[in-house]
């Protein structure tokens, strides 16, 4: 038990540069308080005292802004940064060394009393406001971008962005081992890349027509990711 508490504290110190010392972490991190309350309520839940477990979880919700159902299964070293608005459902399963930012929801998509919430494997980072819905599995070492809505399972080492979530599988060389992958701002622009490829294809077709096409405003590739106003003229 004391080792688990030490590991929880160390996970904050390792993953939040704003954490200065042990006492600050213990006193000022609601994500840590919510995890500790869940570890207690989960043990009570497993022993069959369901109402007491729910009551403890609701006390923690009111004091931290984080709602974790006592039936959820949480592994080692979960880090909930800021935490306000995080919701973790009853049948959710979270592996080791997972990082959740504020506003994350691990939610269900049906009313049947069965597995209906996500399984998050080890070393996954879920950005602020992201929603992972249904009995799906997010593979280890994956990264989910802020405000993504994920409704399909993903293989290990994926990046998931957008609404609905678009899955991009990273190369094996990008797996970070046991080190948390906290660069959740480094996300691909799949729509921009698709549009750029489409514009390039249109330009090739216009060249092949060798001037026989009806004159139209010129389309241009983005300049280092920046699209200029004339590209959208009507």
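Structure summary
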| read-out | value |
| --- | --- |
| Among the residues listed as 9, 35, the single one being outside any loop (DSSP other than H, G, I, E, B), in the same structural domain as residue 83 (by TED's automatic domain parsing), surrounded by 15 or more Cβ atoms within 10 Å (Cβ to Cβ) and in contact (Cβ under 8 Å) with a residue 24 or more places away in the chain | 35 |
| From 78, 40, 111, residue being surrounded by fewer than 22 Cβ atoms within 10 Å (Cβ to Cβ) and touching a helix residue (DSSP H, G or I) at 6+ places or on another chain (Cβ under 7 Å) | 40 |
| Total residues in segment 66-88, condition in a loop (DSSP other than H, G, I, E, B) and within 15 Å of the chain's Cα centre (by Cα) | 7 |
| Flag for residue 63 being in contact (Cβ under 8 Å) with a residue 12 or more places away in the chain, loosely packed, with under 14 Cβ neighbours inside 10 Å and not in a strand (DSSP E or B) | yes |
| Unmet criterion (only one of (1) at negative phi; (2) under 12 Å from the mean Cα position of the chain (by Cα)) for residue 162 | (1) |
| Per-region count, segment 138-148, residues surrounded by fewer than 17 Cβ atoms within 10 Å (Cβ to Cβ) and at pLDDT 95 or above | 0 |
| Extreme residue, surrounded by the fewest Cβ atoms within 10 Å (Cβ to Cβ), among residues of segment 43-59 that are closer than 30 Å to residue 13 by Cβ and touching a residue at least 12 places away in the same chain (Cβ under 8 Å) | 59 |
| From 161, 191, 168, residue being surrounded by 11 or more Cβ atoms within 10 Å (Cβ to Cβ), modelled with pLDDT of 65 or more and touching a strand residue (DSSP E or B) at 6+ places or on another chain (Cβ under 6 Å) | 168 |
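The values are calculated or read from the model by the stated rules, or taken from the named source; none is laboratory data. All of these numbers come straight from a predicted model, not from anything done at the bench. Virtual Cβ from ideal backbone geometry, glycine too; neighbours counted across all protein chains shown.
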